[in-house]
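Student: First the structure, which I've put down as structure tokens, then a few questions once you've had a look.
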Amino acid sequence: MPLRLNARNAAVLALVAALAGAGAIYGIGGGKGNAIACGNSFGKAAELAGLMRGDMAAMRPVRQPVAVGELAFNDEAGRRHTLGSLAGKALLLNLWATWCPPCRAEMPALDALQKEMGGRRFEVVAVSVDLGSPDKPKRFYAETGIASLAFRHDGTMEIFNRLKRAGLGLGMPVSVLVDAEGCAVGVLNGPAEWASPAAIALMGALAK
């Protein structure tokens, strides 16, 4: 379906036209060693802007898509991974913590979204940022019956701090749309109805 051009989308498309020639976009860590071409991601951000409505109205396109593949976390067994290990998939990166009531409240919907849409082209990557041991978030998974979301944890909160330094993370929870190129193209600070038709439509477009 063609993107419906309204005032908001026109502004995003104007930004695309102005910045698309920028070539290499620096990664979230900055520096030339981190540079990656996110040129294709400007168009994806503009496309998704038209679907950021209804239950997804708080989502905003990232004005300058940025590579986030080096963001790191541990799996359930404590092994270290990065978002880059999921290259080729569209991702919904969600940072949450057991001490954050809105985070806890939206986790079942994120689990439902992963059950509905997770697969070869899309994954919900929920990362607990509870400091220190992963025991509390693991207990939360067990107590609430979270079954579809893989367990991920960053006990240093560095993943959140890096998003914050990049101007993406303002509070908890924070959710970032990551395209198949490994670039952040949308961000939402605060909770959302992740199992809603609006969310499913947005994630479907992200994964196209």
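Student: Classify segment 109-173: rounded, prolate or oblate, from the alpha-carbon gyration tensor (a ≥ b ≥ c, eigenvalue square roots; a/c under 1.5 rounded; otherwise prolate if a/b is larger than b/c)?
Tutor: Oblate is the answer for segment 109-173, as a/c is 1.5 or above yet b/c matches or exceeds a/b.
Student: Loop only by DSSP, 11 or fewer other Cβ within 10 Å of the Cβ. Give me the trypsin sites (Lys or Arg not before Pro) in segment 151-202 that pass, ordered by residue number.
Tutor: none
Student: Take the alpha-carbon centre of segment 166-204, take the same for segment 80-140, and report the distance between them in whole Å.
Tutor: Each part reduced to its Cα centre gives a spacing of 12 Å.
Student: May I ask you to evaluate 6.51 cos²θ - 1.76 cosθ + 1.60, the Karplus curve with θ = phi - 60°, for each residue of segment 187-197 and list the ³J(HN,Hα) values in order in whole Hz, giving x for glycine and proline?
Tutor: 8, 9, 9, x, x, 8, 8, 6, 9, 6, x
Just so you know, all these numbers are worked out from the coordinates, no wet-lab data involved. These numbers come from a predicted model, not from an experiment. Note: ideal-geometry Cβ built from the backbone for every residue, glycine included; neighbour counts use all protein chains shown.
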